[in-house]
Amino acid sequence: MDGSEKPVYDREMRAIVLVGGEGTRLRPLTWRTPKQLVPVLNRPLLEHLMLHLREYEVTRVTLAMTNRNALIRDTFGDGAALGIELDYAYEDTPLGSGGAIASVAAGWDEPFLVCNGDIVTDLDLRAMIEAHRTAGAELSMHLHEVDDPSSFGVAVVDDGGRITRFVEKPPRESAPSRLINAGTWLFEPGLLAEMDATAFNRVEDTLFPRLCEERRAIVGFQQPGYWRDIGNPEALRLVNLELATREAAGVVQGEGCEVAADAAIEAPSVLGAACRLEASARVERSLLWDGVCLGQGATVRDSVLGPGVTVEAGAIVDRSVVAHGATVAAGARLEGASVEPDARYED
Ligand code: GTP
């Protein structure tokens, strides 16, 4: 390099993280905890994403949000504790991914990253940025292969890596590939002139298909590696269990847990801070948030229990979601069910 070229890997790159969704599929857990703050190994989901960006020296991050949920700002503040320069952009009405990106990035003249805020991945951002520059792409999209692409945007890629078709949520049997939009995109700033910052629009429905139709340089970036989106409580449970297995030999316990000598925790499982398991209580393959109490002989299996949940003596919770502060009464059996915050479930 003679000094006149841009370095391939731009350390100054900025990122927009889209966090303006309602998190409806994560209810009843998101009635009281915004999706960005649901726990992944006892830290907020969004903290993992920001630390991942920081690992690649992407340290200027804007959260694009639709509500002024004070909890998020209280948790992350100006980002200094995470080594991030964090700011917040609020939409008065939801603008969708397209409107959010166009309004936040208005005036930016360098390439920038956009991330969906509900993703956990070990994507090599450096490699993605380098591939983008080498290909001369206008837009790069992280693609991930899944068994059932029907709830995602699906991409068809030619031999050179260019995306030739993009189809949102096709029926499983007619999906043109199993490569899905994994929610990390790299934009050239020139695209902003083609985007609408004033009205709701989703790049997945507008910009992406149009770039394909016009045979522009929209490029897929594929890499074997870890990727999950946390759409619903089962996905949240699985991410916690998978990461507990990968990073912590199967069982994670927050501070101040009290576990009776003959209580059992079957790996993988994740317990938040200050959980209490009384005599003979059992936790199997489950996620417990902070302050959960299991009475004598209670069993929790393949489930997610929100903060402050009580499962009274002898009760069984199986493949269920129990939200903040709710109680499962002594001896009750909860199977494949969902309990709202503060509710009391009895057979
Ligand atoms: P569901 O209501 O369960 O579909 O959740 P969601 O809306 O959070 O998820 P979805 O997969 O639809 O959105 C992907 C990402 O984009 C999430 O991180 C959302 O927070 C974010 N997002 C969705 N709509 C908007 C929007 O209108 N504005 C902004 N800023 N972000 C959005």
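Odds and ends about this structure:
- Within the stretch 216-249, the set of residues being assigned to a loop (DSSP other than H, G, I, E, B), closer than 15 Å to ASP118 by Cα and open to solvent by 10 Å² or more (accessible area, probe 1.4 Å) comprises TYR226, ASN232.
- Of all residues in the stretch 251-293, those being under 14 Å from VAL322 (Cα atoms), open to solvent by less than 20 Å² (accessible area, probe 1.4 Å) and in contact with a Cys (Cβ under 8 Å, 6 or more places away or on another chain) number 2.
Let's see how each residue does on (1) within 20 Å of GLU12 (Cα to Cα); (2) in a helix (DSSP H, G or I); (3) not assigned by TED's automatic domain parsing to the domain that holds LYS35:
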| site | (1), (2), (3) |
| --- | --- |
| LEU53 | yes, yes, no |
| GLU57 | yes, no, no |
| LEU71 | no, yes, no |
| ASP74 | no, yes, no |
| ALA106 | yes, no, no |
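- Every residue from the stretch 208-235 that is in contact with a helix residue (DSSP H, G or I) (Cβ under 6 Å, 6 or more places away or on another chain) and farther than 30 Å from SER303 by Cβ: ILE218, VAL219, PHE221
- Any chance ASP159 is within 25 Å of GLU242 (Cα to Cα), without any contact (Cβ under 8 Å) to a residue 60 or more places away in the chain, open to solvent by 50 Å² or more (accessible area, probe 1.4 Å) and outside any helix (DSSP H, G or I): no
- Residue within the stretch 1-17 that is open to solvent by 30 Å² or more (accessible area, probe 1.4 Å) and within 13 Å of the ligand (Cβ to nearest atom) present: no
- Checked against (1) at positive phi; (2) within 12 Å of the ligand (Cβ to nearest atom), GLY136 meets all criteria but (2).
- Annotation: of all residues in the stretch 59-69 being away from the ligand (no atom under 12 Å from the Cβ) and not in a loop (DSSP other than H, G, I, E, B), the one that is nearest to THR184 (Cα to Cα) is VAL61.
- Options LEU86, LEU46, LEU53, LEU41; residue that is within 13 Å of the ligand (Cβ to nearest atom), buried (at least 17 other Cβ atoms within 10 Å of the Cβ) and at pLDDT 95 or above: LEU46
- Pair list, Cβ < 6 Å and 6+ apart or interchain, from the stretch 224-236 residues that are away from the ligand (no atom under 13 Å from the Cβ) to residues that are open to solvent by less than 20 Å² (accessible area, probe 1.4 Å): TRP227/ALA182
- Residue, nearest to the chain's Cα centre (by Cα), within the stretch 77-97, restricted to residues that are farther than 11 Å from ALA64 by Cα and assigned to a helix (DSSP H, G or I): LEU82
- Residues in the stretch 115-123 include at least one that is within 17 Å of ILE218 (Cα to Cα), buried (at least 17 other Cβ atoms within 10 Å of the Cβ) and either at pLDDT below 95 or within 16 Å of the ligand (Cβ to nearest atom) (or both).
The values are calculated or read from the model by the stated rules, or taken from the named source; none is laboratory data. Remember, predicted model here, so these are calculated numbers, not experimental data. Don't worry about glycine lacking a Cβ; one is built from the backbone with ideal geometry, like all the others, and counts go over all protein chains shown. Ligands, DNA and RNA are stripped out before the accessible areas are found, and what is left, the full protein with its side chains, is counted by its heavy atoms. Shrake-Rupley method; radii C 1.70, N 1.55, O 1.52, S 1.80 Å.
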